[in-house]
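J.: One structure, pasted below without further comment.
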Amino acid sequence: MSDDCAIVAAFAPSLGINTALPNDCCTANKAPRVMCFQNRVIQLNVSEAGLQGYITPAITGLAALTSIDLTNNPSLSGSIPSQISRMPALREFYIANTGITGQIPQMPLPPSFPATTLTRPSCTARSPTRPTLPT
C-alpha cells in the first residue's frame with residue numbers, strides 16, 4: 001500500500017480501505033471519495049463520513065493533496081494542525097458543519113496560484129490572511 005493510502009486509511013476508516021492491497025485507496029471504487037494521480041492522493045472527500053476526533057497531523061503526509069472536504073462531520077473537533085501550512089499542493093480545505101475551532105494556519109502562495117481558499121459557514125479565508133474560525 002502506498003504511504004498516501006495508509007494515511008487515508010488511518011484518518012478515515014469508514015472508507016473501508018483494504019490495507020493489504022497496494023494503492024487500494026486509488027482504485028476506481030473509492031472514487032469520488034479519493035482521487036489519485038500516479039498513486040498519489042490529490043483529492044479527499046470525506047464529507048458525511050462519520051469522522052470523529054481531530055484532524056491528525058499525519059494528514060500532512062499527503063504531499064500531493066490539492067483538496068480536502070471534511071464537511072458535515074460534526075464529531076470532528078479540535079483545531080487545524082499548523083503543519084497544514086506546509087502542504088505545498090493544498091488549495092481547498094472545507095470544514096463546514098464540523099466542530100473544528102481556532103485559527104486557520106497561514107497558507108503559502110505558490111507563484112502560479114493566486115489564493116488558497118478555506119471555508120466554514122461564516123468564514124471564507126483567502127491566504128495570506130489568517131482569520132479566526134467562529135466557535
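The values are calculated or read from the model by the stated rules, or taken from the named source; none is laboratory data. Since we're looking at a predicted model, the values are computed, not measured. Ideal geometry is used to build each Cβ from the backbone, glycine not excepted, and the neighbour counts take in all protein chains shown. The area values use the complete protein model at the heavy-atom level, side chains included, leaving out ligands, DNA and RNA. Shrake-Rupley method; radii C 1.70, N 1.55, O 1.52, S 1.80 Å.
J.: Take the Cα coordinates of the range 20-94, assign each an equal point scatterer, and use the Debye formula without solvent to give log10 I(q)/I(0) at q = 0.14, 0.16, 0.19, 0.24 Å⁻¹.
T.: Ignoring solvent entirely, the Cα scatterers give -0.45, -0.59, -0.83, -1.23.
J.: With a 1.4 Å probe and every protein chain left in place, tell me how much accessible area Thr60 has, in Å² to the nearest 10.
T.: It works out to around 40 Å².
J.: Here is a further query. Work from the charge dipole of the range 23-107 (Cβ charges, +1 for Lys and Arg, -1 for Asp and Glu, about the Cα centre) and give the residue of Ile104, Gly61, Met35 farthest towards its positive end.
T.: Gly61
J.: Also: Determine how large the accessible area of Arg40 is when every protein chain is in place; take a 1.4 Å probe and give Å² rounded to the nearest 10.
T.: Using a 1.4 Å probe on the heavy atoms, I get roughly 90 Å².
J.: Between Thr101 and Glu48, 0.36 nm times their residue separation minus their Cα-Cα distance comes to what?
T.: Details: separation 53, 0.36 × 53 = 19.08 nm, distance 1.83 nm.
Full-extension gain reported as 17.3 nm.
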